[in-house]
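Enquirer: Pasting a structure here, questions to come.
The values are calculated or read from the model by the stated rules, or taken from the named source; none is laboratory data. Since the model is a prediction, treat every value here as computed from it, not as a measurement. Quick reminder, even Gly has a Cβ in these numbers, built from the backbone with ideal geometry, and neighbours come from all protein chains shown.
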Amino acid sequence: MNEVCFKNLTKDQCWSLKTYEDSGGYSVWRKILKGKFTSEQVIDELKLSGLRGRGGAGFPTGLKWSFMPRHSDGQKYVVCNSDEGEPGTCKDRDILRFNPHAVIEGMAIGGFVMNASVGYNYIRGEFMEPFKRFEGALEEAYKAGLLGQNINNSSINFDLYTHLGAGAYICGEETALLESIEGKKGQPRFKPPFPANVGLFGKPTTINNTESFASVPEILRCGGQWFADIGVENSGGCKLFSVSGHVTNPANFEVPMGISFKDLLEMAGGMRDGAKLKAVIPGGSSTPVLTAEIVMNMTMDYDGIEKAGSMLGAGSVIIMNESTCMVEVLTRLAHFYYDESCGQCTPCREGTGWLYRVLKRITDGNGRKGDIDLLLSVQNKIMGNTICALGDAAAMPVESFLRNFREEFEYYIKHRKSMVKG
Amino acid sequence: MTDIEIDINGNIVTAKAGEMLIVVTDRENISVPRFCYHKKLSVVSSCRICLVDVEGAIKPQPACSTPVVQGMKVQTQNVKTKNSQKSVMEFLLINHPLDCPICDQGGECELQDLAVEYGSDVSSFSEGKRIVTDSDIGVLIQTDMTRCIHCTRCVRFGVEIAGIMEMGGTGRGENLKIEPFLEQGIQSELSGNMIDICPVGALTSKPFKYELRSWQMNSISSIARHDLVGSNLFVQSYKGKVKRVVSADNDLVNEIWISDRDRFSYESLTHENRLLKPQIKVQGRWNQVSWEVALDYAIKGLNSHILKHQKADQLGGLVSNTATMEEFYLFKKILTEIGCDNIDYRLNVKNLDNTILLDSNIKLDALEKIDYALIIGTNIRLEQPMINHRLRKATKKGADIDVLNVMVFDFNYSLHTENIIAPNKIAFILAGVLKSIMINDGQELPDYLIAIDVDEIAKNIAYKMLNSDSSVIILGEHIINNVDASTIANLVAKIAKSANSRTLNLSITGNTIAANLVGCVPQNSGMNVNTMLASDMRGFILLDIYPQYNFHHLGAAIKAFEKDDTFVISLNSFKDDIVVGYSDVILPIASIYETSGTHLNINNDMQSYTAAVKAPNEVKPAWKVLKVMADLLELPGFNYEDSTQVLAEISYQSHVIHNHDIKDNLTSYHNGISVIWQNSPYSIDAVLRHSETLQETKIGQMNNAYMNQTSAKTLKVSVGDKYLGVLVIITDTVADDCVFINANQTTNIYGQV
Amino acid sequence: MISIRAKNQIDVWIAKYPKDRQSSAVMQALKIVQAENENILSASTIQEVADYLDMPGIAVQEVATFYENYNYKKVGKYVIRFCHNISCMLNGADDLIKHLENKLGVKTGEVTLDGLISVKKVECLGACVGAPMFQINEKYFENLTIDKIDKIVDNLK
């Protein structure tokens, strides 16, 4: 446990440059500066490691980096997505607070590999403590001569800046995030063109999640194979899981991929007050909810969770006990997507409000016969028809909640009160 | 781009690799619905109504933003496509009001059309509909934003076409609202195009509000008259009244845009000041009479004052440059037939020995492909909005533009340099440019350039001209009465020749190109306008003339017309006190859209149009009035039944090659303060001056005399004073030795001069 | 008028972006200007930011109304942003919000009479393992209980 991003978690001043360097931090970057680590080697090691994008999509990082037209002329950018805001997810905040230098080193390496001399770390606007911690680390890194122009006479340039958000979940979508850095509303762009070709300020850009960048230095220091071996097939390495909800000790755990859900729950101290497990959202609010029976045999890796009928997402495990009213939970989630829809494309702008209003009506005791079919029909009309994934993210929970807990919704509509709470 | 083949609905079609699917389907006439997509605007792919089924893609793909690739298989009609499109329609309709019966867009609404095809009769949406409060965005555009479907065409129009972002999308999610900032209203001179591109009834024409349904109106294709482009448009009328003007598509002329003044000027046709009946002045008293009586009076007057005495050389024929080509021709023909050579349309030129003779030799669509332009003496954005739009497009592709103006004007693109130059120094800068180019080319310098000083401005322009592959020099209206007008035009021609550049003469207005082609200028040894005004004339025939707006020598004009024994026949569309004051006969003539005719644009495109409506009351088209006058004068050769026969008879003069010899020696600046008098953009002709809504806009209200502190001191005026009847504004954005006046229709300088 | 101090702060952000990309600093410029104007944005401050960054007013207005961190009506000296999303909800946030409302005598969205505190219900603040939680101005407070809330709020001056 805690071998990569959280490796120094228990140490004093774990965020300081000294702590980071004492445990091997910046050794890879220094090798690169001395010309002893090539771009090709980096990409090969990352491919070998099986590292997949930790923001939720799970795209292989090595492959992503190889897509950048790194040999073309002109400015290119690397961007770190620290706009953490998916309900249930709170791991990047801790990485920024407790291991900022890993993010900096990972981004610098990415910049070198992709021939991008400038990087931006987009931190959500509410994360003022992590922002200050990260800015402090940047200052240390600049002072130590690890960033800037012609670093250590290596002729390598890398300048890194933070960009601070202002409160919009949608900016976690990578192209919305780019729009936001450009000083616009965070409205996702349609693709193609992909950011690797037309990204920030119209230049080739690679965007990775905080955890992905933070994992890179340790992977390269210890070897891709080492990382791959920690995890299981198709899910290399370890990963941070944010376990929240009805557990005794909610926390972030960096554990090997493929660990059983049971063990993870155990690490979090088990169900609080010995209550019975009812449901789990395994990867953040957008991923389908699973029932207790299913999760008990589930392993925490991309394939394991997919087999169980959901997605690993950002590793945000929300635990619900039997006192939970699933109608009310879904209503709250529907409100979230309704509130956070950027409004750009029709199905999401109009559909998220529709879903929320129907659910609100049900929880207000005004549900009608046919509302369940209506909800299913509306979510189906959003699904797959939007510019970005927020539409799908709003639709998927509706489908899975209704599939797994339909009787609670039927009860609420019929009796005008919660089946669980009475 | 390479040619590829793709399969649409089982048919193989050819396409260019990488072009968007919707471009291919449009070309192939395969129907794909759209709201946000517009061929002249950037793609945003946000309405999602164009989703189609592409083989191999799990999700339906938006046709507007899906590049085609070899072998792609697309279904635009299958169940998957229809389901996606129906879903989007349902979402669009849940918050759209069901107020089609009272919506001005009814019958031409893209949403309504699609709803008929895709929409469901019964909505499963039973929550409350969204209500959006409206902001007043000005006098031209009516908003009803509850109807808005957030396609953002109007927002993109502002950013991409008008060049000023005025509308925006505020808020987020379902609270996204399309609105301007601070309700400051829409200021663009092209704003009305937002009405045309809005797919629903959110933005409609305010003057047209609640008037009619589109299908009730008669739509006639016509030509705009207020600039040198002659934008193509449709005039829509109901029961003989023009109710609305909308743009027509012509990529070589106006693309699909028209300026606000071309869109809203039709309002003047029903202005209360329209002249509706002929009238004659008998013994100092005006009588409304029949056409027979009026024409008889006119002919008798001509005979008794002039023809009887064989004094045709003391008759003057003056015509406004807004007339049709056919009118110019008939006007000249009548005068020639009765032996009068005194004919002119150049009413606003101070000195007709110092005029601009310059060809335009670049087409409108080529303007957007230039890489460099030198603009001299024009507030081009407001004076020639459609030409400015082409230049703006060129700058977006990287063209540099330098400006030599007498004051700072608002451009909607960034300039390479903006040089504010005193009117009496412009010729010297251009001489410096020519000298620099000639030295660079190793040419021998003519005498007039030897002493010329080549300053930094001239050097910079010469450098840009020499290093450009495709440049143009644009000469504007502010030079017409420049002390060096003719020299400036000749220098421009010489620079263009030396630098292999082209020229665009925007110093002309109205239908001047047609007037020139017909030869509506003094014939043989006839007098020009200024000579006529200074001579002892026995009579005038005046076509569409309002002296206080038309003449440079206003005082002399009115004096000449008012003279006791001078017989004046006026043909006008609008009542005017000054015209009443000096005329003996006033004949009411048709205004725009009420007569057939021909206008020539800057491309030399001869654009003919028919009447869209019949002239009101007893008003007759001017060409018919001229024809009947000729008949009554028993002149031969006026047997026309319609204006096309007149056009067919016009034989064009062979193109005159201007001699661009420089006469001046350019040794020293002309001293003194130059006054540049410009009618405001919405006051350049009688039609615009009577377009009430346009007059209420910010552009319509422009009415100021601008000068800098030094000039104000010399002229002994200060802020709040009037200069030549116009309110003084002192600003350092004006060059030395210059007063720049923008005068609108309210300015009455009669008595000031 | 944007103060010199605020302009200096904005300039720090402008310097992070390429030349002629000063509009990238708009989100921070709005926050900085908001902080100087009793935590409220008005049409005139938006216009000032637009002028300073050479942007169209409506473009700044779009940003200022899209993101959640900007205020248009009076807020307290301390703004309590209470997360009510799933993890916090599962841990009793709704009851705690009611407690806070009762304690302060205001509803969410309102300001206490003395202008000291306003309460706002917000979506996930990304501290789910510390649920229930809220943010007061810049600072996060996690694992909240009624007692803890009372203590924190009582210390606000």
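Enquirer: Cβ contacts < 8 Å: first residue without any contact (Cβ under 8 Å) to a residue 24 or more places away in the chain, restricted to region C:41-54; second residue outside any loop (DSSP other than H, G, I, E, B) and surrounded by fewer than 20 Cβ atoms within 10 Å (Cβ to Cβ), any location; separation 6+ or different chain. Result?
Expert: Listed by first residue and then by second, the contacts come to C:43/B:182; C:47/B:182.
Enquirer: Taking strands (runs of 3 or more DSSP E) that do not extend beyond region B:1-71, which have at least 1 residues that are charged (D, E, K, R) and away from chain A (no Cβ under 14 Å)?
Expert: B:3-8, B:11-16
Enquirer: Could I ask something else about it? Out of B:341, B:365, which single residue is in a helix (DSSP H, G or I) and either closer than 30 Å to residue B:477 by Cα or modelled with pLDDT under 95 (or both)?
Expert: Every option except B:365 fails the conditions.
Enquirer: Which ones in region C:18-54 are in a loop (DSSP other than H, G, I, E, B), more than 8 Å from every other protein chain (Cβ to nearest Cβ) and within 24 Å of residue A:202 (Cβ to Cβ)?
Expert: C:19, C:20, C:54
Enquirer: Let me ask something else. Take the residues in region B:191-240 that are touching a residue at least 40 places away in the same chain (Cβ under 8 Å) and part of a helix (DSSP H, G or I), then tell me which one is nearest to residue B:514 (Cα to Cα).
Expert: My answer is B:193.
Enquirer: Another question, if that's okay. Checking the conditions here, which among A:191, A:184 is within 14 Å of chain C (Cβ to nearest Cβ) and either crowded, with 24+ Cβ neighbours inside 10 Å or not β-branched (Val, Ile, Thr) (or both)?
Expert: Being within 14 Å of chain C (Cβ to nearest Cβ) and either crowded, with 24+ Cβ neighbours inside 10 Å or not β-branched (Val, Ile, Thr) (or both) holds for just one of A:191, A:184, which is A:184.
Per-residue answers, yes or no, for (1) more than 23 Å from residue B:198 (Cα to Cα); (2) in a helix (DSSP H, G or I):
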| site | (1), (2) |
| --- | --- |
| B:257 | no, no |
| B:264 | no, yes |
| B:276 | yes, no |
| B:300 | yes, yes |
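Enquirer: Something else about it: Suppose the filter is touching a helix residue (DSSP H, G or I) at 6+ places or on another chain (Cβ under 9 Å) and in contact (Cβ under 8 Å) with a residue 60 or more places away in the chain; does residue B:429 pass it?
Expert: So residue B:429 does not fit the description; no.
Enquirer: Further, regarding this structure: Go through B:240, B:230 for me and flag whichever is farther than 25 Å from residue B:201 by Cβ and in contact with a Lys or Arg (Cβ under 9 Å, 6 or more places away or on another chain).
Expert: That would be B:240, the only listed residue that is farther than 25 Å from residue B:201 by Cβ and in contact with a Lys or Arg (Cβ under 9 Å, 6 or more places away or on another chain).
Residues are listed down the side, and each one gets a yes or a no for (1) in contact with an Asp or Glu (Cβ under 8 Å, 6 or more places away or on another chain); (2) farther than 15 Å from residue A:405 by Cα; (3) within 14 Å of chain B (Cβ to nearest Cβ):
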{"site": "A:306", "(1), (2), (3)": "no, yes, no"}
{"site": "A:311", "(1), (2), (3)": "no, yes, no"}
{"site": "A:316", "(1), (2), (3)": "yes, yes, no"}
{"site": "A:337", "(1), (2), (3)": "no, yes, yes"}
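Enquirer: Could I ask something else about it? Report, ordered by the first and then the second residue, all pairs with beta carbons closer than 9 Å, sequence separation of six or more or different chains, a first member in region A:156-167 that is more than 7 Å from chain C (Cβ to nearest Cβ) and at positive phi, and a second member that is buried (at least 24 other Cβ atoms within 10 Å of the Cβ) and of a type outside the set (Val, Ile, Thr).
Expert: That search, which allows pairs on different chains as well, returns nothing.
Enquirer: So residue B:474 clears everything in (1) part of a helix (DSSP H, G or I); (2) touching a strand residue (DSSP E or B) at 6+ places or on another chain (Cβ under 6 Å); (3) among the hydrophobic types (A, V, I, L, M, F, W, C) except one condition, right? Which one?
Expert: (1)
Enquirer: Identify all residues within region A:335-367 that are among the small types (Gly, Ala, Ser) and either outside the structural domain of residue A:396 (by the TED database) or touching a Gly at 6+ places or on another chain (Cβ under 9 Å) (or both); write none if there are none.
Expert: A:341, A:343, A:351, A:353
Enquirer: Quick check: is even one residue across region B:162-178 among the polar types (S, T, N, Q) and either within 14 Å of another protein chain (Cβ to nearest Cβ) or within 13 Å of residue B:93 (Cβ to Cβ) (or both)?
Expert: yes
Enquirer: Take residue A:356 and decide whether it is part of a helix (DSSP H, G or I), out of contact with any Phe, Trp or Tyr (no Cβ under 9 Å at 6 or more places or on another chain) and of a type in the set (Ser, Thr, Tyr).
Expert: No: the conditions fail for residue A:356.
Enquirer: Here is a further query. Looking at A:212, A:260, A:235 in this structure, which one is in contact with a Lys or Arg (Cβ under 6 Å, 6 or more places away or on another chain) and away from chain C (no Cβ under 14 Å)?
Expert: When all the criteria are applied, what remains is A:212.
Enquirer: Test of understanding: among B:110, B:55, B:90, which residue is modelled with pLDDT of 95 or more and outside the structural domain of residue B:256 (by TED's automatic domain parsing)?
Expert: Being modelled with pLDDT of 95 or more and outside the structural domain of residue B:256 (by TED's automatic domain parsing) holds for just one of B:110, B:55, B:90, which is B:55.
Enquirer: Output yes when any residue across region A:392-403 is surrounded by fewer than 24 Cβ atoms within 10 Å (Cβ to Cβ), in contact with a Pro (Cβ under 9 Å, 6 or more places away or on another chain), more than 8 Å from chain B (Cβ to nearest Cβ) and among the aliphatic types (A, V, I, L, M), and no when none is.
Expert: yes
Enquirer: Looking only at region A:249-278, filter to residues that are in contact with a strand residue (DSSP E or B) (Cβ under 7 Å, 6 or more places away or on another chain) and polar (S, T, N, Q); which one of those is surrounded by the most Cβ atoms within 10 Å (Cβ to Cβ)?
Expert: Checked region A:249-278; the qualifying residue surrounded by the most Cβ atoms within 10 Å (Cβ to Cβ) is A:252.
Enquirer: Which residues, taken from region A:124-158, are among the hydrophobic types (A, V, I, L, M, F, W, C) and part of a helix (DSSP H, G or I)?
Expert: A:128, A:131, A:134, A:137, A:138, A:141, A:151
Enquirer: For residues that are surrounded by 17 or more Cβ atoms within 10 Å (Cβ to Cβ) and not in a loop (DSSP other than H, G, I, E, B), scanning just region A:375-391, find the one that is nearest to the other protein chains (Cβ to nearest Cβ).
Expert: Ranking the qualifying residues of region A:375-391, first place goes to A:381.
Enquirer: Return the only residue of A:178, A:147 being more than 19 Å from residue A:29 (Cβ to Cβ), at pLDDT 95 or above and more than 10 Å from chain C (Cβ to nearest Cβ).
Expert: Just a single option satisfies the conditions, and that option is A:178.
Enquirer: Follow-up. Considering only residues that are surrounded by 15 or more Cβ atoms within 10 Å (Cβ to Cβ) and among the β-branched types (Val, Ile, Thr), which ones fall in region B:657-701?
Expert: Residues satisfying the conditions are B:662, B:673, B:675, B:676, B:684, B:687, B:693, B:697, B:699.
Enquirer: What are the residues in region B:381-390 that are touching a residue at least 60 places away in the same chain (Cβ under 8 Å) and under 9 Å from residue B:411 (Cβ atoms), if any?
Expert: B:381
Enquirer: Please find, among A:55, A:25, A:74, the residue that is small (Gly, Ala, Ser), in a loop (DSSP other than H, G, I, E, B) and loosely packed, with under 15 Cβ neighbours inside 10 Å.
Expert: A:74
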